[in-house]
Amino acid sequence: MAKEKKKKSKEEIKELNWKIAEIIWYAIGFIGLIGGLVFSTLGLLIVNMNGNFKYHPFYGLYQSQAKFIKWLGFGSSYANLGIMLILFSAIYFVIVFYIFANRSDIKERKAKRSKERLHSFKLIIEDNGEKTSVENKTK
């Protein structure tokens, strides 16, 4: 017998879309963080070059840094650019974590309120048809 596929409700599809969006937002932050680490590492290699630059194995890296910073229009070295990217990524992660944590808290509060309303509705029904409020029932 073939297994029947269970159709997903609109709420399940919406939740799946939020999870995918969360993964994408985190991936963007990680790309920025990794870029910052790469630039910082390259900058440290250039800073630690000693001796005659023209005969150093990283001389091409030194030249590319000058051209890239000139093209970019700000910054002074790969190391500084990497530190800026790491700081921006950290701020980005704080904002993204706050947004998704806040969303999760709101969902939990809604579920709790819904459960409380359902419980109070059951208390009213259990009162043998007499319509009394929950406050009178608990006193």
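Restricting attention to the stretch 71-86, the residues that are over 18 Å from Leu45 (Cβ atoms) and among the aromatic types (Phe, Trp, Tyr) total 2. Would you check if Ser120 is at pLDDT below 80, of a type in the set (Gly, Ala, Ser) and within 30 Å of Ile28 (Cα to Cα)? For Ser120, the condition - at pLDDT below 80, of a type in the set (Gly, Ala, Ser) and within 30 Å of Ile28 (Cα to Cα) - is not met. Only one of the numbered conditions (1) modelled with pLDDT of 90 or more; (2) exposed (fewer than 14 other Cβ atoms within 10 Å of the Cβ) is not met by Lys115, and that is (1). Summed over the stretch 64-84, residues that are surrounded by 13 or more Cβ atoms within 10 Å (Cβ to Cβ) and either within 16 Å of Trp25 (Cα to Cα) or free of Cβ contacts under 8 Å to residues at least 40 places away in the same chain (or both) total 8. Determine if the stretch 100-113 includes at least one residue that is in contact with an Asp or Glu (Cβ under 6 Å, 6 or more places away or on another chain) and assigned to a helix (DSSP H, G or I). Looking through the stretch 100-113, at least one residue is in contact with an Asp or Glu (Cβ under 6 Å, 6 or more places away or on another chain) and assigned to a helix (DSSP H, G or I). For the stretch 1-60, taking the residues that are of a type in the set (Gly, Ala, Ser) and surrounded by fewer than 13 Cβ atoms within 10 Å (Cβ to Cβ), the one that is modelled with the lowest pLDDT is identified as Ala2.
The values are calculated or read from the model by the stated rules, or taken from the named source; none is laboratory data. None of the values given here were measured: they were computed from a predicted structure. Reconstructed Cβ throughout: ideal geometry from the backbone, glycine too, with neighbour counts over all protein chains shown.
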